[in-house]
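*Asks:* What follows is a structure written as structure tokens; I'll ask about it next.
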Amino acid sequence: MNYTSYIPPLCNPTRVAIVGAGKVGSTLAQRIAERNIADVVLLDVVEGMPQAIALDLTQARGLEHHDCQIIGTNDYADTANSDIVVISAGKPRQPGMSRDELMKTNAKIVLEATKQAIAYSPDAIFIVITNPLDVMTYLTWQASGLPPHRVMGMAGILDSARFQTFIAMELGVSIVDVKGMVLGSHGELMVPLPRYSTVSGIPITELLDAATIDRLIERTRNGGGEIVELMRTGGAYFAPASSTCEMVESILFNQSRLVPAAAYLQGEYGLKDVFIGVPCRLGCRGIESILELNLTDSETTALHISAESVRHNIEFANQLLAATSHKC
């Protein structure tokens with residue numbers, strides 16, 4: 001074959017747009033590229049920052065041996081035709097900032113990001129990372145006008161990963177053999193399920209006493225807060241990026257992996273019109289199905305309490321946004 005005259009066939013590589021080039025967004029870009037999953041467009045409002053991060057990641061290609069293209073930009077037009085849009089833009093809570101201010105600030109950011117991104121990638125699947133996650137996922141769904149199976153939040157997979165890690169550390173076993181299951185909202189009202197959390201298929205309820213399990217559950221619920229307290233000026237980003245990357249990979253490679261994610265419920269678990277963490281199969285269409293586990297009465301009650309808190313915060317966020325629009 002004469003390679004000088006060979007023209008390779010045209011192809012349409014998969015593309016992931018990441019809105020928000022902070023530590024979570026930039027680490028996610030690294031994860032996706034270095035696993036050779038898809039091309040990445042990293043967008044941020046800060047001029048020069050996403051371009052610099054993209055260039056730095058690109059310069060590592062000769063060592064990491066991937067072929068993904070990485071673009072940094074401040075223009076949503078560069079995100080056009082993305083297969084997945086990840087929204088990680090938003091601000092962490094600062095000293096002296098009220099919950100109202102944080103909710104209103106991030107709601108505005110997420111709504112604007114969604115409207116801009118969907119205009120250029122109408123066929124994309126959206127994954128939301130911005131906190132408060134369950135509320136921001138609902139707002140993304142509202143603003144995008146997409147069917148609910150194409151909008152989801154990254155939370156349960158992260159909470160489950162933390163639970164798995166603490167179980168493995170407690171038992172001194174390989175993390176490879178540990179599976180965790182955490183449902184509910186991403187916060188203090190999350191619902192870890194010890195009966196569905198196993199080591200080589202053995203429920204941890206047969207391996208650990210109740211007091212130890214309660215301690216691990218409490219540490220899981222405070223998993224992000226523990227990092228914030230230690231770091232003081234930021235929050236977790238390695239584990240959230242890895243969690244989101246798993247979701248991206250399952251969707252783009254149509255793996256149909258069963259992972260907990262914030263999904264829109266339409267009667268499942270006795271809940272409607274709310275995004276909450278439940279086990280989902282993720283494939284090329286987004287959320288392919290939702291698995292309804294057989295929960296005990298106490299587990300069902302805990303999940304409903306968690307969902308009611310999310311529903312209250314959704315109403316609260318909409319009220320804040322309505323009040324802001326009236327002032328304008």
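The values are calculated or read from the model by the stated rules, or taken from the named source; none is laboratory data. Model, not experiment: these values are computed from the prediction. Quick reminder, even Gly has a Cβ in these numbers, built from the backbone with ideal geometry, and neighbours come from all protein chains shown.
*Asks:* Select from segment 62-81 the residues that are part of a helix (DSSP H, G or I) and at pLDDT 95 or above and write down the one among them that is surrounded by the most Cβ atoms within 10 Å (Cβ to Cβ). Step through it out loud before you land on a result.
*Replies:* Here is the first cut: in segment 62-81, the residues part of a helix (DSSP H, G or I) are 62-64, 76-79.
From the residues that got through so far, the ones that are at pLDDT 95 or above too are 63-64, 76-79.
Values: L63: 8, E64: 13, Y76: 21, A77: 9, D78: 16, T79: 24.
Step by step, filter segment 62-81, then rank; the result is T79.
*Asks:* If you don't mind, another one. Residue check, I53 against (1) more than 28 Å from P148 (Cβ to Cβ); (2) not in a helix (DSSP H, G or I), all met but one. Which one?
*Replies:* (2)
Condition check ((1) at pLDDT 95 or above; (2) outside any strand (DSSP E or B); (3) over 19 Å from the mean Cα position of the chain (by Cα); (4) surrounded by 23 or more Cβ atoms within 10 Å (Cβ to Cβ)) across all residues:
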| residue | (1), (2), (3), (4) |
| --- | --- |
| P95 | no, yes, yes, no |
| E101 | no, yes, yes, no |
| V110 | yes, yes, no, yes |
| I127 | yes, no, no, yes |
| T137 | yes, yes, no, yes |
| R162 | yes, yes, no, yes |
| I167 | yes, yes, yes, yes |
| L183 | yes, no, no, yes |
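*Asks:* For the list (1) in contact (Cβ under 8 Å) with a residue 12 or more places away in the chain; (2) part of a helix (DSSP H, G or I); (3) of a type outside the set (A, V, I, L, M); (4) not assigned by TED's automatic domain parsing to the domain that holds R15, I need the number of the one condition that E188 fails.
*Replies:* Checking E188 against (1) in contact (Cβ under 8 Å) with a residue 12 or more places away in the chain; (2) part of a helix (DSSP H, G or I); (3) of a type outside the set (A, V, I, L, M); (4) not assigned by TED's automatic domain parsing to the domain that holds R15, the one that fails is (2).
*Asks:* A follow-up question, please. Report yes if A241 is surrounded by 21 or more Cβ atoms within 10 Å (Cβ to Cβ) and either modelled with pLDDT under 95 or in contact with a strand residue (DSSP E or B) (Cβ under 9 Å, 6 or more places away or on another chain) (or both), otherwise no. Reasoning before the result, please.
*Replies:* Working: surrounded by 21 or more Cβ atoms within 10 Å (Cβ to Cβ): yes; either modelled with pLDDT under 95 or in contact with a strand residue (DSSP E or B) (Cβ under 9 Å, 6 or more places away or on another chain) (or both): no.
Considered against the rule, which asks whether it is surrounded by 21 or more Cβ atoms within 10 Å (Cβ to Cβ) and either modelled with pLDDT under 95 or in contact with a strand residue (DSSP E or B) (Cβ under 9 Å, 6 or more places away or on another chain) (or both), A241 comes out as no.
*Asks:* Looking at segment 308-328 only, could you name the residues that are at pLDDT 90 or above and out of contact with any helix residue (DSSP H, G or I) (no Cβ under 8 Å at 6 or more places or on another chain)? Please lay out each step first, then the result.
*Replies:* Filtering segment 308-328 for residues at pLDDT 90 or above gives 308-315.
If the condition is that a residue be at pLDDT 90 or above and out of contact with any helix residue (DSSP H, G or I) (no Cβ under 8 Å at 6 or more places or on another chain), then E308, S309, R311, H312, E315 are the ones that fit.
*Asks:* Out of segment 191-239, which residues are hydrophobic (A, V, I, L, M, F, W, C) and either in a helix (DSSP H, G or I) or in the same structural domain as I129 (by TED's automatic domain parsing) (or both)? Walk me through it before giving the result.
*Replies:* Narrowing segment 191-239 to residues hydrophobic (A, V, I, L, M, F, W, C): 191, 193, 199, 202, 204, 207-208, 210-211, 213, 216-217, 227-228, 230-231, 236, 238-239.
Hits for segment 191-239 are I204, A210, A211, I213, L216, I217, I227, V228, L230, M231, F238, A239.
*Asks:* State which residue pairs qualify: first residue at pLDDT below 95 and inside segment 82-93, second residue among the basic types (K, R) in any location, beta carbons under 8 Å apart, and separation of 6 or more residues or different chains.
*Replies:* R93/R99
*Asks:* Which of the following residues is within 23 Å of I157 (Cβ to Cβ), part of a helix (DSSP H, G or I) and polar (S, T, N, Q): S298, S309, S289? Break it down stepwise before answering.
*Replies:* Details: S298 fails: within 23 Å of I157 (Cβ to Cβ); S289 fails: part of a helix (DSSP H, G or I).
Answer to the selection: S309.
*Asks:* Take the residues in segment 260-319 that are basic (K, R) and within 24 Å of A124 (Cβ to Cβ); name whichever of them is surrounded by the fewest Cβ atoms within 10 Å (Cβ to Cβ).
*Replies:* The initial filter retains those residues of segment 260-319 that are basic (K, R), namely 272, 281, 285, 311.
Retained after the next criterion (residues that are within 24 Å of A124 (Cβ to Cβ)): 281, 285.
Values: R281: 18, R285: 13.
If we take residues in segment 260-319 being basic (K, R) and within 24 Å of A124 (Cβ to Cβ), then R285 is surrounded by the fewest Cβ atoms within 10 Å (Cβ to Cβ).
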